[in-house]
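To start, the structure under review is shown below, and the notes come after it.
Nothing in this text is a laboratory measurement; each read-out follows from the coordinates by a stated rule. What you see is a predicted model; the values in this text were computed from it and never measured. FYI the Cβ positions are ideal-geometry reconstructions off the backbone, even for glycines, and counts take in every protein chain you see.
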Amino acid sequence: MADTKEHGNLSINSQNIFPIIKKWMYSDHDIFIRELVSNACDAITKLKKLSLIGEYEEPDDVDYKVEVRISSKNKTIKIIDNGLGMTKDEVDEYINQIAFSGASDFLEKYKDKADSEQIIGHFGLGFYSAFMVSDTVEIDTKSFKGQDAVHWSCDGGTEYDMTASDREAIGTEITLNLNEDCLEFANEYKIRDILDKYCSFMPIPIYLVDEDKGQLTEDVAEEDVLETDKLIRTFVKDAVTREEKDENGEPKTVEVEPAKKMATIEKRPVMLNDIHPLWTKHPNECSDEDYKEFYTKVFHDYKEPLFWIHLNMDYPFNLKGILYFPKINIEYESAEGVIKLYNNQVFVADNIKEVIPEFLMLLKGVIDCPDLPLNVSRSALQNDGFVKKISDYITKKVADKLSGMYKTDKENYEKYWNDINPFIKYGCMKDDKFYDKMKDAILYKNLEGKYLNLSECLEENKEKHENTVFYATDETEQSQYINLFKEEGLDAVILNNRIDQPFISHVESKNENVKFARIDTDLSDTFKEEVKEDELKELAEKLSETFKKALSKDNLNIKVEKLKNDQIPAIITLSEQSRRMQDMMKMYSMGQDLAMFGGEGETLVLNANNELVQYIEKNSDAENVSLFCEQLYDLALLGHAPLKPEEMTKFIARSNKIMQMLAK
Ligand code: ADP
Ligand code: MG
């Protein structure tokens, strides 16, 4: 077809789809790289298969690779592969027709949708994403079938040109002549970033070459360049000619400089990608070191992961991946995981929540699912039964791993518990199936630092407080109560994570007769001496009056008990329900003025066995009584929650005054 020049119209109903593609893909401009490089990889994979089945005889020294060549000077990006190439008919079929029918489907289905989806590549539109950044796009391709090479070019309208190409090698070269607005893509660092993002694990070696950096020389022989990290590329520089007139006045062409062989010497590029990412290997082939190294490389997280799960499934669908449990400390940093989704080693997107259950988003990992129907929009993914199955499978695997570890490697499980518990608790609240699998492996750390699950907790305290689990949220603040518990041989568990409050409500809803109560909730009967009815009634009335007056709190609840420990004068208790209510309001920051609800559900418990309390009762008119009352009340408050600033100021002033009094 050497001199046949073909000029055609792209078969498409819509006048010009490119402005629309451009507009849609605005946010994801860089995906053209993914599309073109993955096409190049596909072309090589196909040729390798053909060679395997004997349809193609590959040269002995074949070196399959994809080259991305950029030049800021020329404003070009080239994607070159030595894959199977295309014949003229194939260019016609795959580029001129198929891709455009894909484009019209695309338009048809998504014309009303505003957001750009990760679908362009899955509509056979991949190749045309080149126009997102280019004024004109050229293809030079030579098929393994041995026909003449073809040159195709198109300026983003609906017309194209096809002529002969001087390409000699089998394979395809795509040239993007960048649009003025998109010259940044010819920048080495920019393009390297994009290649890292999308192509890090593609299955064919990928190299990046900055053509501007090549050193231009006259032809040199390979062996004359000593450094092995240098690469020589020879080409023929056309002769320089000039138009002149001969002695008869006829025009003639004069050669000023003859054509000559030239070469550029480039730094030998290094392979950018890992063609056998760890997830494609069998778990038996991977060492702990491999997993850790992969983690650091992919997530740039230099803290070691705690442990990981290698997913490897062929049936009923194909899914491979590695999920890492990172070391997180929810209290100090916001935990944000990343799950990277791949389709046959081609990066698709981060954190597609339709595929990965939301609570697993705290993990870091890679998932490769070639069967994933990504040719639909995200809203369709949500309702896709297959996607739901994938998500369920992942959840199940995670639960199996964790509950298995609880059963067979309890020591490590306990060691990791502090890091992983927020994640597990969150998962339990989000997913009933996960809860069912995990419920016996949820641990509660008791006052002795021992880890128990719920049934063990209940069992241990069956005699003393059946079906109630006492818990402390702050070991320092609540130390007075903790000591009381210890003295009486009672147990409580430590629940100091933000997620624990909603989580215990969840556990209560799942276990109807189980109740959680904070350690300062209600005085357990064990702390009190038994008293006859009405024995303390008179005392209570009298003390109540004195305290209310001294504290100027008319509606304070006051109770008098005989506590076994006579060293404690007073304690404040708050009903579990009121406290949860207050916490909730704080959380939704409605609590600016909690004083409005102040004291609701709060009780000041005075200990009739305590000397000071007895003194107050007997000397209610004495000069210092209101000072004692205030001090006792503040001390009781302190054991329960921090004082407000103004309360604290008064408390300190009063304490100093008391010491001065003692010093007199
Ligand atoms: P898809 O990759 O989804 O098929 P594309 O628009 O990316 O859609 O490509 C359309 C077709 O063009 C491909 O299926 C392939 O047949 C052909 N093609 C694209 N790039 C190349 C290439 N580098 N080498 C050989 N064929 C190619
Ligand atoms: Mg493609």
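Subtracting the Cα-Cα distance from 0.36 nm times the residue separation, let me have the gained length for Asp155 to Ile53 in nm, one decimal.
32.9 nm
Dipole of the range 526-663 (Lys/Arg Cβ +1, Asp/Glu Cβ -1, origin at the Cα centre): which of Ser626, Pro645, Met581 lies farthest to the positive side?
Checked the options; the winner is Pro645.
Please arrange Glu244, Glu630 by counting, for each residue, the other beta carbons lying within 10 Å of its beta carbon, fewest first.
Glu244, Glu630
Quick check: residue separation of Glu508 and Phe317 times 0.36 nm, minus the Cα distance between them. What number comes out in nm?
Value of the extension gain: 65.0 nm.
Along the charge dipole of the chain, pointing to its positive end and built from +1/-1 on Cβ of Lys, Arg, Asp and Glu, which listed residue (Val338, Thr217, Pro205) has its Cα farthest out?
Of the options given, the answer is Val338.
Between 0 and 90 degrees, rounded to the nearest ten: what's the tilt of helix 385-408 against the longest Cα principal axis of the chain?
Result, in degrees: 50.
According to a simple spin-label model (label point 7 Å from Cα along Cα-to-Cβ), what is the distance in nm between Glu623 and Glu414?
5.9 nm
Round to the nearest 10 and give me the degree value, 0 to 90, for the angle of helix 625-638's Cα axis relative to the longest principal axis of the chain.
In the chain, helix 625-638 runs at an angle near 30 degrees to the longest axis.
Projected onto the charge dipole of the chain (+1 at Lys/Arg Cβ, -1 at Asp/Glu Cβ, origin at the Cα centre), which of Trp279, Ile191, His151 gives the Cα projection farthest towards the positive end?
Trp279
Grab the DSSP H runs of the chain that are 4 residues or longer, score each as -39,500 (n - 2.57), total them, divide by all residues and round the 222 nm result to the nearest 500 deg cm²/dmol.
-10500 deg cm²/dmol
Label-point separation (nm) for Lys190 and Thr296, each offset 7 Å from Cα along Cα-to-Cβ?
Result: 3.2 nm between the two label points.
Run the dipole for the chain about the Cα centre, Lys and Arg Cβ at +1, Asp and Glu Cβ at -1, nothing else charged, and hand back the magnitude in debye, nearest 20.
With Lys and Arg at +1 and Asp and Glu at -1, about 2000 debye.
Between Leu612 and Asn467, what is the FRET efficiency for a Förster distance of 41 Å, r being their Cβ-Cβ separation, to the nearest 0.05?
Efficiency, from the Cβ-Cβ distance: 0.70.
Using only Cα atoms, what Kirkwood radius does the chain have, in angstroms?
For the chain, the Kirkwood estimate is 31.6 Å.
Quick check: pseudo-label points 7 Å beyond the Cα along Cα→Cβ at Asp60 and Lys486, how many nm apart are they?
Going from the Asp60 label point to the Lys486 one covers 8.1 nm.
If you take the beta carbon distance between Lys388 and Ser578 as r and set R0 to 41 Å, what does 1/(1 + (r/R0)^6) give as a FRET efficiency, to the nearest 0.05?
FRET efficiency, Lys388 to Ser578: 0.50.
For the range 407-505, what is the charge dipole size about the Cα centre, in debye to the nearest 20, if Lys and Arg each add +1 at the Cβ and Asp and Glu each add -1 at the Cβ?
With Lys and Arg at +1 and Asp and Glu at -1, about 400 debye.
At a Förster distance of 56 Å, what's the computed FRET efficiency of Met262 paired with Ile652, Cβ-Cβ distance as r, to 0.05?
Calculated value: 0.05.
To the nearest 20 debye, what is the magnitude of the charge dipole of the range 526-663 about its Cα centre, counting +1 on the Cβ of each Lys and Arg and -1 on the Cβ of each Asp and Glu?
That gives the range 526-663 a dipole magnitude of about 360 debye.
State the extension gain, in nm to one decimal, for the chain segment bounded by His7 and Lys327, taking 0.36 nm per residue of separation less the distance between their alpha-carbons.
109.2 nm
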